[in-house]
Amino acid sequence: QVQLVESGGGLVQAGGSLRLSCAASGRTFSSYAMGWFRHGPGKEREFVAAISWSRLSTYYADSVKGRFTISRDNAKNTVYLQMNSLKPEDTDVYYCAATRGRHWDYAGEYEYWGQGTQVTVSS
């Protein structure tokens, strides 16, 4: 079992930055790849970024590549999403999730999900 709790969301102006954190409980955190998705009312769930358990591999959606950076600290059981150059279209609820699967951009591969944190980017 892995429990995930996101934090760090908020309101920011376009061009600004936010860092989301996802704290995990459970002894097996380091054996999971971790991903970030975003999903808001009236929108489809969208893959954002993922990172392997070893931190050696990362994968990003084209829409965030070059602006967002995913990282993790296995000693702290935490995964991060640094978001720079934010745009109004980045406004959404952001979720972290844990998977042992290979298809990181597919939400169905993920076993555990956090409750989400709201990110709002004003123009």
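The values are calculated or read from the model by the stated rules, or taken from the named source; none is laboratory data. Predicted model, so just to flag it, every value in this text is computed and none were measured. Positions of Cβ are backbone-derived with ideal geometry, glycine not excepted, and every protein chain shown enters the neighbour counts. Heavy atoms of the whole protein, side chains included, go into the accessibility calculation; ligands, DNA and RNA do not. Shrake-Rupley method; radii C 1.70, N 1.55, O 1.52, S 1.80 Å.
Values as computed for the structure displayed
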read-out	value
Solvent-accessible area of Thr69 with every protein chain in place, 1.4 Å probe, in Å² to the nearest 10	70 Å²
For the chain, the longest site-free run once trypsin sites (Lys or Arg not before Pro) in DSSP loop states with at most 16 other Cβ atoms within 10 Å are removed	1-26
³J(HN,Hα), Karplus 6.51/-1.76/1.60, whole Hz, each residue of segment 9-17, x for Gly, Pro	x, x, 9, 9, 7, 4, x, x, 10
Amide H contacts of Gly10 (H built 1.01 Å from N, under 5 Å, at least 5 apart or other chain)	Val119, Thr120
